[in-house]
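Asker: This is the structure I want to talk about, given as structure tokens.
Laboratory data are not the source of any read-out in this text; all were calculated from the coordinates shown. Because the structure is predicted, anything quoted here is derived from the model rather than measured. Positions of Cβ are generated from backbone atoms using ideal geometry, with glycine treated the same way; all protein chains shown enter the neighbour counts.
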């Protein structure tokens, strides 16, 4: 039962539906995470010189924001955790 509820919650998000889960607007924009000069950008710095890009979905109606780590960067996080570095 809990697994079904978690699966349902995960499916109802702007990433999968392009609809805001708060106000039901379809006016949603995707902003890809990127790293700029000197590590600037929409990133999480888990370790020096190893930025993790964070992409965002923003509802232009109510301002609700969802953030996700891209799959390739998620693999970086998993490797750091496995090695005990985070």
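Asker: Could you list 82, 76 in order of exposure, starting from the residue whose Cβ has the fewest other Cβ atoms within 10 Å? Present the calculation step by step, with values, prior to reporting the outcome.
Answerer: Working: 82 9, 76 17.
The order, fewest Cβ neighbours first, is 82, 76.
Asker: Which of 28, 77 comes first, and how do the rest follow, when ranked by fewest Cβ neighbours within 10 Å?
Answerer: Values: 28 18, 77 15.
Ranked by crowding around the Cβ, least crowded first: 77, 28.
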